[in-house]
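Just below is one structure, and these are the notes that go with it.
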Amino acid sequence: MILLTRKADFSSAHFYYNPSLSQAENERIFGKCANRNGHGHNYTLEVTVAGEIDPVSGFVVDLKQLKDILEREVVSVYDHRHLNHEVPEFANTIPTTENIAVAIWKRLDGKVPNAKVLRVRVYEMPDLFADYYGESA
């Protein structure tokens with residue numbers, strides 16, 4: 001088995017707010033990120049897939065196909081969107097870096113031919129990222 005990682009970028013806005021808490025509690029927990037007008041980030045996504053090298057092509061996966069899957073399943077859905085308001089999986093889930101990584105995993109799981117998604121890494125900032133390895137990790 002070999003691991004292959006592909007990167008993609010998207011820009012999105014979000015805010016942190018739990019509707020079951022008071023405004024004061026949200027502000028205490030999330031600080032200025034509880035501002036419901038939101039703020040934006042330029043995210044970097046890394047998706048690592050695992051598989052065997054095809055003896056004919058020398059690839060684990062077709063690189064263009066993997067890029068197209070990331071574009072279709074993630075970038076076209078998340079890029080230049082307000083995650084809280086425009087992306088269905090965040091209608092009732094706070095779009096933290098951790099939750100974004102889990103949501104992207106769910107969007108990609110089982111959609112990469114001849115490979116398994118092993119890891120999703122989402123960078124919110126260069127010094128802040130979350131890794132998700134799926135339910136069985």
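Tabulated values for the structure
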item	result
Answer residue from segment 22-47, given it is aliphatic (A, V, I, L, M) and surrounded by 13 or more Cβ atoms within 10 Å (Cβ to Cβ) and is nearest to Asp9 (Cα to Cα) among those	Leu45
Boolean, Arg72 is of a type outside the set (S, T, N, Q), assigned to a strand (DSSP E or B) and out of contact with any helix residue (DSSP H, G or I) (no Cβ under 7 Å at 6 or more places or on another chain)	no
Any hit, segment 127-136, residues being modelled with pLDDT under 95, over 16 Å from Val47 (Cβ atoms) and assigned to a loop (DSSP other than H, G, I, E, B)	yes
Residue check for Asp62: among the acidic types (Asp, Glu) and either farther than 20 Å from Val122 by Cα or touching a Pro at 6+ places or on another chain (Cβ under 6 Å) (or both)	yes
Of all residues making up segment 4-38, the number that are part of a loop (DSSP other than H, G, I, E, B) and closer than 13 Å to Thr97 by Cα	2
Cβ-Cβ under 6 Å pairs, at least 6 apart or on other chains, segment 25-53 side closer than 19 Å to Tyr133 by Cβ, far side among the β-branched types (Val, Ile, Thr) and surrounded by fewer than 18 Cβ atoms within 10 Å (Cβ to Cβ)	Glu46/Thr5; Thr48/Thr5
Residue that is farthest from Leu118 (Cα to Cα), among those in segment 54-78 that are among the β-branched types (Val, Ile, Thr) and in contact (Cβ under 8 Å) with a residue 40 or more places away in the chain	Val75
Subset of segment 82-95 [surrounded by fewer than 18 Cβ atoms within 10 Å (Cβ to Cβ) and either touching a strand residue (DSSP E or B) at 6+ places or on another chain (Cβ under 7 Å) or not hydrophobic (A, V, I, L, M, F, W, C) (or both)]	His82, His85, Glu86, Pro88, Glu89, Asn92, Thr93
Filter pass, Asn99 being within 20 Å of Glu124 (Cβ to Cβ), in a loop (DSSP other than H, G, I, E, B) and without any contact (Cβ under 8 Å) to a residue 40 or more places away in the chain	no
Any hit, segment 108-121, residues being closer than 20 Å to Ala13 by Cα, under 10 Å from the mean Cα position of the chain (by Cα) and in a helix (DSSP H, G or I)	no
The one condition in (1) in contact with a strand residue (DSSP E or B) (Cβ under 8 Å, 6 or more places away or on another chain); (2) among the polar types (S, T, N, Q); (3) surrounded by 17 or more Cβ atoms within 10 Å (Cβ to Cβ) that Asn99 fails to fulfil	(1)
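Quick grid of which residues meet (1) of a type outside the set (Ser, Thr, Tyr); (2) assigned to a loop (DSSP other than H, G, I, E, B):
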| position | (1), (2) |
| --- | --- |
| Gly40 | yes, no |
| Tyr43 | no, no |
| Val60 | yes, yes |
| Val77 | yes, no |
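The values are calculated or read from the model by the stated rules, or taken from the named source; none is laboratory data. These figures come from a predicted structure and were not determined experimentally. Using ideal geometry, Cβ is built from the backbone for each residue, glycine included, and neighbour counts are taken over all protein chains shown.
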